[in-house]
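Q: This structure is in structure tokens; I'll ask about it shortly.
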Amino acid sequence: MVSMEEISQALQKGKAKIVQELVQQALDEGVSAKTVLEEGLLAGMDVIGVKFKNNEVYIPEVLIAARAMNAGTTVLKPYLNESGEAAIGKAVIGTVKGDLHDIGKNLVRMMLEGKGIEVIDLGVDVSAEQFLDAYQKEHPDIIGCSALLTTTMSEMKNVVNAFEAAGVRDKVTIMIGGAPVTEAFCQSIGADIYTPDAASAAEAAKQVLTNKHNA
């Protein structure tokens, strides 16, 4: 019998092929897709998230673990669909207009997916209008804006303004982050949540969705 701990460990070591094999084996042995996802894959990504936050692992290790996570979820997807397991929520993320940095954003995407959240990634150089269009098309719970340049931070205010002008500001949680961004800046532009790193962003997003489901 495959233990969920084995899957978690293989994921943490970034062994994508082994993760795939173990996930398939567990499913063949009758373990539910939900259990494999939550106690195997997500549990492993949680450990990586905590280690990343504590500087015990770095970006390359996170990327390798995320790749193993993706390998595992590829095997799981058809089973999750069959059992009607939905994602816990949806987030639309992007790096704001004028900014082409994507490493931080990509880490956030992986960490969010690692919490069982569906992510629509708009890429880099995303305008306020594009964020709003994506909201109207996808109806996400969360909008995540990233900026690495002080010169592009003001774009985040434009995103908040666009949602206010469209009358949908109270229907979505706007999260912001990036090297120059601070809690004070977050409050000054009327965004909802600022987090200093990808792991905290994923934790905050999960909390938002938990609160929403319990409301």
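The values are calculated or read from the model by the stated rules, or taken from the named source; none is laboratory data. None of the values given here were measured: they were computed from a predicted structure. Positions of Cβ are backbone-derived with ideal geometry, glycine not excepted, and every protein chain shown enters the neighbour counts. Protein only, heavy atoms only, side chains kept; ligands, DNA and RNA dropped before computing areas. Shrake-Rupley method; radii C 1.70, N 1.55, O 1.52, S 1.80 Å.
Q: Scan the range 126-143 for residues that are within 16 Å of Lys97 (Cα to Cα) and of a type in the set (A, V, I, L, M) and jot them down.
A: Val126, Ala128, Leu132, Ala134, Ile143, listed by residue number.
Q: Please count how many residues of the range 4-46 are outside any helix (DSSP H, G or I) and in contact with a helix residue (DSSP H, G or I) (Cβ under 7 Å, 6 or more places away or on another chain).
A: Going through the range 4-46 one residue at a time, the tally reaches 2.
Q: Of all residues in the range 154-173 being part of a loop (DSSP other than H, G, I, E, B) and hydrophobic (A, V, I, L, M, F, W, C), which is farthest from the chain's Cα centre (by Cα)?
A: For the range 154-173, the residue satisfying everything is Ala166.
Q: Between residues in the range 65-78 that are among the β-branched types (Val, Ile, Thr) and residues that are open to solvent by less than 10 Å² (accessible area, probe 1.4 Å) and at pLDDT 95 or above, which pairs lie under 6 Å by C-beta distance while being six or more apart or on different chains?
A: Val75/Val23
Q: Hey, another quick one. If the Cβ limit is 8 Å and pairs must be 6+ apart or interchain, which residue in the range 175-198 that is without any contact (Cβ under 8 Å) to a residue 12 or more places away in the chain pairs with which residue that is in a loop (DSSP other than H, G, I, E, B) and buried (at least 16 other Cβ atoms within 10 Å of the Cβ)?
A: Cys186/Asp192
Q: Any idea which residue in the range 52-75 is most open to solvent (accessible area, probe 1.4 Å), counting only those that are assigned to a helix (DSSP H, G or I) and over 26 Å from Thr35 (Cα atoms)?
A: Filtering the range 52-75 for residues that are assigned to a helix (DSSP H, G or I) and over 26 Å from Thr35 (Cα atoms), the one most open to solvent (accessible area, probe 1.4 Å) comes out as Pro60.
Q: Exactly one condition in (1) farther than 24 Å from Arg67 by Cβ; (2) within 13 Å of the chain's Cα centre (by Cα) is false for Thr151; which is it?
A: With respect to (1) farther than 24 Å from Arg67 by Cβ; (2) within 13 Å of the chain's Cα centre (by Cα), Thr151 is out only on (2).
Q: Out of Ile143, Ile189, Ile176, I need the residue that is over 21 Å from Phe52 (Cα atoms) and either open to solvent by 20 Å² or more (accessible area, probe 1.4 Å) or under 16 Å from the mean Cα position of the chain (by Cα) (or both). Which one?
A: Unique residue meeting the criteria: Ile143.
Q: Report, by residue number, each residue of the range 84-114 that is β-branched (Val, Ile, Thr), under 22 Å from Leu132 (Cα atoms) and not in a strand (DSSP E or B).
A: Listed by number, the residues that qualify are Ile88, Val108.
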